[in-house]
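The values are calculated or read from the model by the stated rules, or taken from the named source; none is laboratory data. As the structure is a prediction and not an experimental result, all values here were calculated from the model. Neighbour counts run over all protein chains shown; Cβ positions are idealised from the backbone, glycine included. Keep in mind that these areas ignore ligands, DNA and RNA; they rest on the heavy atoms of the full protein, side chains included. Shrake-Rupley method; radii C 1.70, N 1.55, O 1.52, S 1.80 Å.
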Amino acid sequence: MKILYASGLSPNDTSLYRLWALERLGHQVIPFNFYDYNPSNPLLHKVVHRLVAGPAVDRLNCDLLRVAEREKPDILWADKLLWMRPATLDRFRASATPTISYMIDNPFGPRHDPGWRLYMKCIPHYDLHVVQRDKNILDYTERGARDVIKIQTAYEPTLQYPPPAGWSDKDRDRGVSFIGTPYDNRAEFLTRLWKEFGFPVTVSGGLVWKPALGPEATAAIYRGNGELFRDAYREGIWKSKINLSFITHSNQDEFVHKSFEIAGCGAFLLAERSQGHLERFKEDEEAVFFSTIEECAEKIRRYLPDEAARSRIAAAGRERAVRDGYHNDRQVGLIVERARQIVERMRKDPAGRA
């Protein structure tokens, strides 16, 4: 199909990796980069993000319709795009062009992040919503969504893959490792693993970790001066004996992106126990889980000195991720299958598109 793909597109965005998957699956993708419309002034950027209004929002909607008129796409795929207007989506529908919203975040969650004003109005106007929580299926349906599909987040196979043959603990300089963001109580949890339990903890991520950890823990466990992306992110996982993965409770997540990326990299995964994780990995065979900090410490004591067990579990986790399609090609393909059905239905019944 010919797909108009609107999202924030940079080398470090997972939305770009989904675009790559669409191209690998044989579709013609027309990229439309949301970042071209972001105000360069930081203060103005914050205002527009909170209010979702102003000339930049106007221009994005007008330009998107202009590109669609020129390119005649089969579908519009809006990936984590918050600036769409209901009238813009209605124009696509009037021309028999189905619209898809792919949203990893949770607009109905307790975090109350800003920026959802227009998106919430648009929910009944999209033809398909892609979400990653069972709860969101009901949330979106109650808000008037026409169709909702649940898809899990995925690893990118061109970036997240196992280390070279012969890789071992001699190549690993990170003991108990976390690479990510300090949501929820992660800073306190990781600080306790280091200070109270005495583990060799290493944390990497944005500079927001420094105030979250405080001066003492920052000096002891924080590494680098920014987030790890692409090759650096993969190599950080490779160099970790134990890779921690936490559920983002403030987003009401059932599983997390990071767990599939760690498995895709062929690395040892120690993840927070959840039904979503348990359904996707066999406990103690393909991944190891914990529910409390005491259980996490117990698992670290068990596996940190046991390279053979970690290697066995990591290899099984990687095999499961490949076999069951925890990668972008499979997950994006499932969305396309549903989108195709909508395209065919709208073409057969033009009168039903309004």
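Selection of helices (runs of 4 or more DSSP H) fully inside segment 1-104 by the criterion of at least 2 residues being within 22 Å of the chain's Cα centre (by Cα) and at pLDDT 95 or above returns 14-24.
Looking across segment 1-41, the residues that are of a type in the set (Asp, Glu) and surrounded by fewer than 17 Cβ atoms within 10 Å (Cβ to Cβ) come down to 23, 36.
Scanning segment 228-253 for residues being modelled with pLDDT of 95 or more and either in contact with a Phe, Trp or Tyr (Cβ under 7 Å, 6 or more places away or on another chain) or of a type in the set (D, E, K, R) (or both) gives a total of 10. As for segment 79-98, it holds no residue that is closer than 18 Å to residue 335 by Cβ, out of contact with any helix residue (DSSP H, G or I) (no Cβ under 7 Å at 6 or more places or on another chain) and open to solvent by less than 10 Å² (accessible area, probe 1.4 Å).
Of all the listed residues (273, 280), the sole one being of a type outside the set (A, V, I, L, M, F, W, C), closer than 21 Å to residue 234 by Cβ and at pLDDT 95 or above is 280. For segment 258-304, a residue qualifies if it is polar (S, T, N, Q) and either open to solvent by 10 Å² or more (accessible area, probe 1.4 Å) or assigned to a loop (DSSP other than H, G, I, E, B) (or both), and the qualifying residues are 274, 275, 291, 292. Taking (1) touching a helix residue (DSSP H, G or I) at 6+ places or on another chain (Cβ under 6 Å); (2) in a helix (DSSP H, G or I); (3) surrounded by fewer than 20 Cβ atoms within 10 Å (Cβ to Cβ) in turn, residue 228 satisfies each apart from (2).
Out of the residues in segment 166-185 that are in contact with a Phe, Trp or Tyr (Cβ under 9 Å, 6 or more places away or on another chain) and small (Gly, Ala, Ser), which is surrounded by the most Cβ atoms within 10 Å (Cβ to Cβ)? Looking at residues that are in contact with a Phe, Trp or Tyr (Cβ under 9 Å, 6 or more places away or on another chain) and small (Gly, Ala, Ser), I get 180. A Cβ distance below 6 Å, combined with a sequence gap of six or more or placement on separate chains, defines the contacts here; from segment 311-326, residues that are closer than 17 Å to residue 165 by Cβ and among the basic types (Lys, Arg) reach residues that are assigned to a helix (DSSP H, G or I) and at pLDDT 95 or above in the pairs 318/263. Of the residues making up segment 231-250, those that are in a helix (DSSP H, G or I), open to solvent by 10 Å² or more (accessible area, probe 1.4 Å) and either among the aliphatic types (A, V, I, L, M) or over 22 Å from residue 170 (Cα atoms) (or both) number 3.
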